[in-house]
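A.B. asks: One structure is given below, represented as structure tokens, and several questions about it will come after.
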Number of protein chains: 2
Amino acid sequence: MKTVGVAILGLGVVGSGTYKILRDHREFYRKTQGVDLSVESVLEINKQRALDLGIEESKISDNIAEVVSNPNVDIVVEVIGGVEPAKSFVLAALHSGKSVVTSNKELFCKYWYELEAAARRTNAGLYYEASCVGGVPIIRTLIDGLQANVVQSLTGIINGTTNYILTRMSREGSDYKEVLKDAQKLGYAEKDPTADVEGYDAAYKLSILSSLAFHKRVPLENVYREGITNISVKDIEYGKELGYVLKLLAIGKNDGKNSIEVRVHPAFIRKDHPLASVNDSFNAVYLVGDSVGDVMLYGRGAGDFPTGSAIVSDVIYAATHSEVKYATFKNTEEPDKNTKFVTDFRSRYFIRFTAKDKAGVLAKVAGVFAKYNISIIDLIQKGEGIDEIPIILITHETNEFSLRRAIEKIAEIDDVVSVDSTIRVEG
Amino acid sequence: MKTVGVAILGLGVVGSGTYKILRDHREFYRKTQGVDLSVESVLEINKQRALDLGIEESKISDNIAEVVSNPNVDIVVEVIGGVEPAKSFVLAALHSGKSVVTSNKELFCKYWYELEAAARRTNAGLYYEASCVGGVPIIRTLIDGLQANVVQSLTGIINGTTNYILTRMSREGSDYKEVLKDAQKLGYAEKDPTADVEGYDAAYKLSILSSLAFHKRVPLENVYREGITNISVKDIEYGKELGYVLKLLAIGKNDGKNSIEVRVHPAFIRKDHPLASVNDSFNAVYLVGDSVGDVMLYGRGAGDFPTGSAIVSDVIYAATHSEVKYATFKNTEEPDKNTKFVTDFRSRYFIRFTAKDKAGVLAKVAGVFAKYNISIIDLIQKGEGIDEIPIILITHETNEFSLRRAIEKIAEIDDVVSVDSTIRVEG
């Protein structure tokens, strides 16, 4: 039986999970996959952490050069996260001709082209299932399961922290700040939650997933991004009344030619949409392919064992496939000059504003929308006998830029006190 | 660029869909997959059908020997269905060293071992994504996406016809026979609906999926099977009141050692379970892996283009991977003698019976359950002031055989008029 040596760079949550999966399933993989996967080296400064996992002292290193020059190591697993030193370590592994398996979405979405160029030089494999949506095998599916399709769109709930927060806000009627605090206590959100709650994490993943799905390099800079920090529980409750659920969505669209649209922002979806029941820290990606139609993949987007599952599945794939494949598109720093990134995208909108309870306000608001050719589907006026009343409306599909101009004009109307929320409505 | 020749056996619904996908995406696959897929031959008795699709006359054949000896053909797509002549044709292709891509679940679940033995002799590839759950890439996922996991269970809605019928019965409160008739008119059910409504189709797929998931041959004969023909709309409505949705489920369980449980039958699941909102002709498979946790794949389980998507994805995979892989288990006619197929499985149960409205009936019924150590979670007695009242109860988890014995005893109670339904409750 073929023995394949694995090195793990970093024994954090995912690294430890990966090590345990490899250790505890060794016989299982020998039997079912015909390969003996042996952890030959770990790179970890905290030596005790490695010893506590039962790793032999001789296999623990704090020197990347030592790890990548180890002739027993065939596959290097990078689970450090962030750009540096992960990038240098991955490049060192690739230069040595070792295949790399990574869970590093930030590194991957920013420097995929550079890592791929390095991999091509030594014909090394480059695997990144674990970089997107944890244990859900979305990348394998895009590469080897739905490749017959022109993927027309993908819509994902691909950040567990924000989904956990929004689910609890919706379930409990609690405020964002309150739930965030609790999520931090419970380990669902980091001390500095910016990467999650401002949508950066989802944008990293969307950049990778849409590049794969649309066969074009989609740089992070082209992903429109809004987080959930301004979401009020009031919006969630009004949305609920109208039959909607609020999610942080990552949306990619492809016209099948050269136009790509990529955006991460909170959005309402109908409560009977399959994504609407993806709750708590679960993730899902909803795809539409030109032949297959609608497909959804659902599962855990993070965690030691779910992400470890993706890593080890990639390790097995790398260990049992001698052919190496790279991106299906020209993977360069700059995107193809023919690719057009749509910024004036089309959507429906939920708008909440506060107005003085005076005759004629609604007529003025309606007049502004009419001027910008925006039609209104639904309008609810809340409360009576109070001075300032909340008004909620939902528009038909319109262009982002027209909508923004209309909102500016509405804010200028005398009896409009404030425009409180503008939230897209999708699906 | 590599040119790969494809032959299609049978231009029925799926065959025609496959042909159209290959024809219309040829340039797309050249660009994204680096392979030129050319349909070099079709086997079709109805020549006009082939001509109508725009296939050149010289490529139309009614002779399998001619097709498989064509040196331009590398991959043979079998979409005839049924055992013969499909089996002979597939074997002929494999004998000639051509890789085979098939959507034929019946053939595959009954003769996988024989097809694999033939494929191994000539090192031909054998691909069968399209045999299970149409366009949903569940097989690729099991082989190449979740292979790091010991799959503990899979629960699927894997027959579109029955899901369509049950969804409509639930939505409209209509009777089985009525909805079936309409489904036949609309093309969702065949004239002879037996294979679907009696659960054979789902059993074929479960045999294949559980063999793959559990790394053991699971013969069709070991799949317990019940259809939906005895389902009353009353059960669906009572279940709804209790928070349940009725589905035809295909369930596979694996204790990680040698015990396998495989069964297809109607079952109630909680309305907030992700499978509960899989409606109409959509399909889904819910998996639990020891590392990844819960994963669900959702999509169209049938149709020309969805199933064509699976076929063409397999064709691309076959055309772009030179290594051929076979089953991860010993694929012989007889299952491994160590494999134990559980028949006395555990479940909860929904039981509906009719009793005379007399004091003491419930006590007698409860007494029988107590005798068999079955505890009751929920009991509803419907109607008052009528002679014969319906009683619905839901049990805690118990063994199938104990439950059956208890039901027999209950039917014997004097004031019990009839035991109307016994439906498992899962999830």
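Each reported figure results from applying straightforward, stated rules to the coordinates on display, with no laboratory input. Note that the structure is predicted; figures quoted are calculated from it, not measured. Counting neighbours? That spans all protein chains shown, and the Cβs are built from the backbone with ideal geometry, glycine included.
A.B. asks: From Cα coordinates alone, what are the radius of gyration and Dmax values for the protein assembly as shown in angstrom?
C.D. replies: Answer for the protein assembly as shown, Rg first and Dmax second: 28.7, 85 Å.
A.B. asks: Using only C-alpha atoms and all pairs of different ones, pull out the Kirkwood radius for the range A:346-426 in Å with one decimal.
C.D. replies: Every distinct Cα pair counted, the radius reaches 12.5 Å.
A.B. asks: Sticking with this structure for a sec: Return the inverse of the average 1/r over all pairs of distinct C-alpha atoms in the range A:275-343, which is the Kirkwood hydrodynamic radius, in Å to one decimal.
C.D. replies: After inverting the pairwise mean of 1/r, the radius is 16.0 Å.
A.B. asks: Let me ask another. Would you calculate the separation in nanometres between label points at B:R49 and B:Q184, each defined as 7 Å from the Cα along the Cα-to-beta-carbon direction?
C.D. replies: 2.2
A.B. asks: Next up: Among DSSP beta bridges lying fully in the protein assembly as shown, give the percent that are antiparallel, nearest 5.
C.D. replies: Counting only bridges with both partners in the protein assembly as shown, antiparallel ones make up about 65 percent.
A.B. asks: While we're on this one: Quick one: with label points 7 Å out along Cα→Cβ, list the inter-copy distances for B:D344 in nm, shortest first?
C.D. replies: With the label placed 7 Å along Cα→Cβ, B:D344 yields 7.3 nm.
A.B. asks: Moving on to the next point. Averaged over peptide A:147-154, how many Cβ atoms belonging to another chain are found within 10 Å of each residue's Cβ? Don't skip to the answer; put the middle values down first.
C.D. replies: Values: counts 14, 20, 9, 4, 0, 0, 0, 0.
That average works out to 6.
A.B. asks: For every other residue with a beta carbon closer than 15 angstrom to the beta carbon of A:S88, add +1 if it is Lys or Arg and -1 if Asp or Glu, then tell me the sum.
C.D. replies: Neighbourhood net charge equals -3.
A.B. asks: Follow-up. Rounded to whole Hz and in sequence order, give me ³J(HN,Hα) for the range B:355-365 from the Karplus expression 6.51 cos²θ - 1.76 cosθ + 1.60, θ = phi - 60°, writing x for Gly and Pro.
C.D. replies: Going residue by residue, I get 9, 6, 7, 10, 4, x, 5, 4, 4, 5, 4 Hz, with x marking Gly and Pro.
A.B. asks: Next up: Distances from B:L379 to the same position in the other copies: list them in nm, one decimal, shortest first, using label points 7 Å from Cα along Cα→Cβ.
C.D. replies: Spacings between copies for this position, smallest first, are 5.8 nm.
A.B. asks: While we're here: If you wrap the range A:219-341's Cα atoms in a convex hull and average its projection over all directions, what's the area in nm²? Spell out each step's value before the answer.
C.D. replies: Values: hull surface 43.0 nm².
Projected area, direction-averaged: 10.8 nm².
A.B. asks: Next question, about the same structure. Tell me whether the range B:186-274 comes out rounded, prolate or oblate; compute the Cα gyration tensor, take square roots of the eigenvalues as a ≥ b ≥ c, and use a/c under 1.5 as the rounded threshold.
C.D. replies: It comes out oblate by the Cα gyration axes.
A.B. asks: If I model a spin label as a point 7 Å beyond the Cα along the Cα-Cβ vector, how far apart are those points for B:S69 and B:Y326 in nm?
C.D. replies: Between B:S69 and B:Y326, the simple spin-label model gives 2.7 nm.
A.B. asks: Quick one: Debye curve from the alpha-carbon atoms of chain A only, equal weights, vacuum; give me log10 I(q)/I(0) at q = 0.08, 0.09 Å⁻¹ to two decimals.
C.D. replies: -0.50, -0.61
A.B. asks: Please list A:380-390, B:249-259 highest first by mean number of surrounding beta-carbon atoms within 10 Å per residue.
C.D. replies: Peptide ranking by packing, descending: B:249-259, A:380-390.
A.B. asks: Taking 4 °C and 1.567 mPa s as the conditions, I'd like the Stokes-Einstein D for the range B:138-300 in µm²/s, using the Kirkwood hydrodynamic radius from alpha carbon pairs. Walk me through the intermediate numbers first.
C.D. replies: Details: Rh = 16.0 Å.
D, rounded to a whole number, is 81 µm²/s.
A.B. asks: Once you have all Cα-Cα distances for the range B:77-152, histogram them in 5 Å bins from zero and send the whole-percent values.
C.D. replies: Distribution as computed: 3, 16, 25, 22, 18, 10, 4, 1 percent.
A.B. asks: For the range A:148-300, what is the percent of antiparallel DSSP beta bridges, rounded to the nearest 5? Please list the in-between numbers first.
C.D. replies: Numbers: 29 of 31 bridges.
In the range A:148-300, DSSP labels about 95 percent of beta bridges as antiparallel.
A.B. asks: Related question: Which whole number gives the average, over all residues in B:132-139, of C-beta atoms from other chains lying within 10 Å of the residue C-beta?
C.D. replies: On the way: counts 0, 0, 3, 10, 7, 11, 2, 1.
Across B:132-139, the average partner-chain Cβ count within 10 Å equals 4.
A.B. asks: Starting from a Cα-only point model with no solvent, please compute log10 I(q)/I(0) by Debye for the range B:77-222 at q = 0.14, 0.18, 0.20 1/Å.
C.D. replies: Evaluating at q = 0.14, 0.18, 0.20 Å⁻¹ gives log10 I(q)/I(0) of -0.74, -1.08, -1.22.
A.B. asks: Going Cα to Cα from A:K257, which lysines come in below 25 Å? Please leave out same-chain ones fewer than 8 positions away.
C.D. replies: Cross-link targets: A:K110, A:K205, A:K216, A:K325, A:K330, A:K337, A:K340, B:K2, B:K20, B:K31.
A.B. asks: Taking Cα centroids, how far is the range B:360-407 from the range B:319-344 in Å?
C.D. replies: Each part's Cα centre sits 42 Å from the other's.
A.B. asks: Let me ask something additional. Looking only at other chains, what is the average number of their beta-carbon atoms within 10 angstrom of each beta-carbon in B:324-331?
C.D. replies: 1
A.B. asks: Which log10 I(q)/I(0) values, to two decimals, does the range A:14-155 give at q = 0.10, 0.11, 0.22 Å⁻¹ under the Debye formula with one point per Cα?
C.D. replies: Rounded to two decimals, the profile gives -0.38, -0.45, -1.54.
A.B. asks: If you count, for each residue, the other Cβ atoms within 10 Å and average over each peptide, how do A:19-32, B:137-150, B:30-43, A:86-99 line up from highest to lowest?
C.D. replies: B:137-150, A:86-99, B:30-43, A:19-32
A.B. asks: Same structure, new question: What's the extension gain from A:D378 to A:K358 if we count 0.36 nm per residue and subtract their Cα-Cα distance?
C.D. replies: Details: separation 20, 0.36 × 20 = 7.20 nm, distance 2.00 nm.
Using 0.36 nm per residue and subtracting the Cα-Cα distance, I get 5.2 nm.
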